[in-house]
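Report on one structure; see the data block that follows.
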Amino acid sequence: QVQLVESGGGLVQPGGSLRLSCAASVSIFAFADMGWYRQAPGKQRELVATMTTRGVTNYTDSVKGRFTISRDNSKNTVYLQMNTLKPEDTAVYYCNGRSVLANYWGQGTQVTVSS
């Protein structure tokens, strides 16, 4: 059974940094791409960043230049480095793994940006 487990969320002041991790129970090469999505209260879930198995990345405009998605193939882990955080980045962040057959989600990790 495929599992994605996020970690690294928390409370941070505006301008601060956090690094989220997503550990997969299978090789990350089982997925066509992996990424991070977020959902703020009262809003729809939105794409934050994705990375294909070939390393092609995609970011939503609001995080370009501040967030970086990366992966460690040996650890089957995908990361999201978040810098210069803003209050509007506050949300539950979800890891996603998309394969030909299915779409997998983690349980989510809360990120709160507040002074």
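Observations on the model:
- Residue satisfying all of: in region 96-105; surrounded by fewer than 21 Cβ atoms within 10 Å (Cβ to Cβ) and not basic (Lys, Arg); nearest to the chain's Cα centre (by Cα) among these: Trp105
- Wholly within region 1-95, strands (runs of 3 or more DSSP E) carrying at least 3 residues that are at pLDDT 95 or above and open to solvent by less than 50 Å² (accessible area, probe 1.4 Å): 18-24, 33-39, 46-52, 67-72, 77-82
- Filtering region 40-82 to residues that are touching a residue at least 60 places away in the same chain (Cβ under 8 Å) and not hydroxyl-bearing (Ser, Thr, Tyr) leaves Leu80, Gln81, Met82.
The values are calculated or read from the model by the stated rules, or taken from the named source; none is laboratory data. Just so it is clear, the structure is predicted and the values come from calculations on it, not from any experiment. Positions of Cβ are generated from backbone atoms using ideal geometry, with glycine treated the same way; all protein chains shown enter the neighbour counts. For accessibility, only protein heavy atoms count, side chains too; no ligands or nucleic acids. Shrake-Rupley method; radii C 1.70, N 1.55, O 1.52, S 1.80 Å.
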